[in-house]
Amino acid sequence: MKLKERRNFSVINRIRDVLMDSDRDIGVLIDVNLFNSVASEFTQEEVTYALRYLVGKGYFENGALTSGSHGYILTSKGYDEWLFPDGPIDEKGIFISYATEDRNFAGKLKQFLEKEGFRAFLAHEDIEPTAKWRDKIISDLKTSSIFIALRTKNYSKKQYTEQECGFALALNKRILSLCVGVKSSEMGFCSEFQAAEFSKLDEIEIFNYCKKQLGNLIKVTK
């Protein structure tokens, strides 16, 4: 690969990082000034070239702001193929959402589910130190078919866990909430989905509950 091509892909990756750190979504007009920080790392010409490349790929559409300045619109293709690329849905895939304080119990839950034939994703075990953790979490959220939330008192204090729940809702995943020391009514939009309340992190009680709820899928995997 030529130096110019490598530089172009480096600029594109930085544009992607900036976009992911923003609150922009599909169909929303993006001011080109959002990418000024990228221009400070590379040249303005390189940023302009990269944006034109993204338009050519169908990831962006050109747009104009009311102020008269130039803008871009993120397309559905750009969202699915470039911003959050993923593979096929794994019917045996389970995403475990948890607070870091509860990682030990979450690890035991992962081991239990994998013995039952599932592929369970756990962030602190399954993300390589050099990987972009946000990309990996979003990728596994999209490819897993089941979302299990280990909702303890620690859980509700974490912004990222609620974001994971929101993502699972938007992706129409099967949601199973394990409410430990908290009320299922405190789950917001997730309260309408399957949930059970437990007084403590009891392995036998919680694991048996999961096995019962996932029974049909477990039979398929064996």
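The values are calculated or read from the model by the stated rules, or taken from the named source; none is laboratory data. This structure is a prediction, so every number in the text was calculated from the model and none was measured. Don't worry about glycine lacking a Cβ; one is built from the backbone with ideal geometry, like all the others, and counts go over all protein chains shown.
Only residues that are within 23 Å of the chain's Cα centre (by Cα) and of a type in the set (Gly, Ala, Ser) were counted in the range 1-56, giving 3. Of the candidates LYS153, LYS173, the single residue that is exposed (fewer than 15 other Cβ atoms within 10 Å of the Cβ) and touching a residue at least 12 places away in the same chain (Cβ under 8 Å) is LYS153. Number of residues in the range 68-119 that are more than 18 Å from the chain's Cα centre (by Cα), assigned by TED's automatic domain parsing to the domain that holds ILE30 and among the aromatic types (Phe, Trp, Tyr) equals 1. Checking each residue in the range 11-59 for being surrounded by 15 or more Cβ atoms within 10 Å (Cβ to Cβ), assigned to a helix (DSSP H, G or I), in contact (Cβ under 8 Å) with a residue 24 or more places away in the chain and not charged (D, E, K, R) picks out VAL11, ILE12, ILE15, LEU19, VAL32, VAL38, VAL47, TYR49, ALA50, LEU51, TYR53, LEU54. Scanning the range 90-109 for residues that are touching an Asp or Glu at 6+ places or on another chain (Cβ under 9 Å), part of a helix (DSSP H, G or I) and more than 13 Å from LEU178 (Cβ to Cβ) gives ARG103, GLY107. Looking across the range 101-124 at every residue that is in contact with a Lys or Arg (Cβ under 7 Å, 6 or more places away or on another chain) and loosely packed, with under 15 Cβ neighbours inside 10 Å, the one that is modelled with the highest pLDDT is identified as GLY117.
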